[in-house]
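Computed from the coordinates by the stated procedures, all read-outs in this text should not be read as laboratory data. Since the model is a prediction, treat every value here as computed from it, not as a measurement. Cβ coordinates were reconstructed from backbone atoms using ideal geometry, including for glycine residues, and neighbour counts include every protein chain displayed.
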Amino acid sequence: MYYCSTAKKIIPPNHFSISSSQKEEQSPNSDVKLNNNYRFENFIEGPTNQFVKSAAMGVALRPGQSYNPLFIHGGVGLGKTHILHSIGHYIKENHKKLRVQCITTEAFINDLVDSLRNKSVDRMKKFYRSEIDVLLVDDIQFLQNRLNFEEELSYTFEALKNKGAQIVITSDKPPSLLKLSERTIGKMEGGLVAHMGIPELETRVAILQYKAEQKGLHIPHKVAFFIAEHIHNNVRQLEGAINRLSAHCRLLDLNITEELVSRTLREMLQQAPREKISVEQILKSVAAVFQVRVSDLRGSTRTKDIALPRQVAMYLAKEMINESLIMLGASFGKTHSTILHACKNIEKKVASDETLRRQIGMVRRNIES
């Protein structure tokens with residue numbers, strides 16, 4: 001996690017004693033601390049994160065005009081911070097007059113605590129609510145059970161939204177599952193909610209090969225495939241595997257082989273596999289929430305009361321199951337293009353249909369409970 005701040009004639013909120021003359025000397029985007037490795041260009045795209053990247057690019061191209069707020073959620077180590085910083089970099093470089101503030105939720109809380117201690121709350125509010133054009137907030141889940149801090153950030157969101165500023169938020173869970181007030185959740189759901197899923201096998205292989213190439217390592221496709229089959233929870237684990245292999249290869253002058261991988265990554269490869277979610281589980285949960293029969297979801301009836309939940313099932317299967325579109329299509333008795341069309345249709349609908357968002361949230365909770 002990184003505390004990043006950009007400002008026009010502004011300083012980070014925990015240094016509110018800056019003089020007016022000092023402010024005038026600062027230029028827009030003068031103090032950006034974004035991770036330089038987190039850019040759109042080196043984000044490995046796959047079926048489970050394609051929608052998120054497209055939405056993020058839309059926001060970066062037209063801040064405040066496309067999806068506002070953009071709420072990105074997904075498990076730990078899947079690339080949410082990478083996307084958040086990519087947005088910051090793109091806006092900084094292509095919309096130079098816009099003032100960007102990228103923070104972790106913990107940093108916002110610390111700023112508020114410091115401002116209370118220093119009796120500079122008004123200065124902090126002015127900074128966050130009127131002196132920036134883009135607010136990027138990482139890990140909003142840390143705001144749970146902190147009502148006073150939640151209220152301050154909620155008012156900040158409202159003030160920024162009213163003046164046309166862009167807001168992007170990341171979380172490890174969707175808004176509907178956060179222990180926040182309905183008012184705050186409603187604001188987060190008022191824009192576009194995008195889920196970042198676990199990368200499927202082909203994407204994990206591509207990530208491994210890219211990370212290895214960055215370190216000057218040659219990793220045979222067969223070996224990359226072997227690692228990707230066994231390490232599947234998140235991208236950070238894949239990076240950790242490459243770092244460990246890199247150290248062994250350089251220090252011991254070894255080539256990467258399947259034998260070396262098995263020996264070096266023994267603990268990582270022997271992790272207990274996560275409980276696998278099945279298409280059948282998803283179909284049963286969707287059928288229960290939408291009050292239809294599983295047989296109807298598997299059928300070809302095109303009436304709206306059946307077609308919509310069927311597409312929801314396909315959308316959730318793509319989000320929650322680590323399989324290719326071709327394999328998912330086979331599970332539904334459909335083509336991969338049908339699955340892709342269903343996913344795009346649901347992604348479009350959830351942006352404006354609050355009832356559908358809540359129904360999908362119910363299905364998720366039923367499956368994950």
**OP:** Holding the Cα-Cα limit at 20 Å, pick out from Lys187/Lys284; Lys92/Lys215; Lys276/Lys344; Lys80/Lys215; Lys96/Lys163; Lys80/Lys211 the pairs that are longer than that.
**Re:** Lys187/Lys284; Lys92/Lys215; Lys276/Lys344; Lys80/Lys215
Original post:
If each of Gln144 and Thr355 carries a label point 7 Å out from its Cα toward its Cβ, how far apart are those two points in nm?
Top reply: 2.9 nm
**OP:** Sequence neighbours fewer than 8 away in the same chain don't count; with that in mind, list the aspartates and glutamates whose C-alpha is under 14 Å from Lys173.
**Re:** Asp138, Asp139, Glu189, Glu319, Glu368
Original post:
Stretched out fully, how many nm does the piece from Arg250 to His218 gain, at 0.36 nm a residue minus the Cα gap?
Top reply: 10.3 nm
**OP:** Find which of Met314, Leu328, Ser300 sits farthest along the positive direction of the dipole of region 291-337, computed with +1 on the beta-carbon of Lys and Arg, -1 on that of Asp and Glu, about the Cα centre.
**Re:** Ser300
Subject >> Order by protection proxy (mean Cβ within 10 Å, highest first), peptides 250-259, 187-196 >> reply: 187-196, 250-259
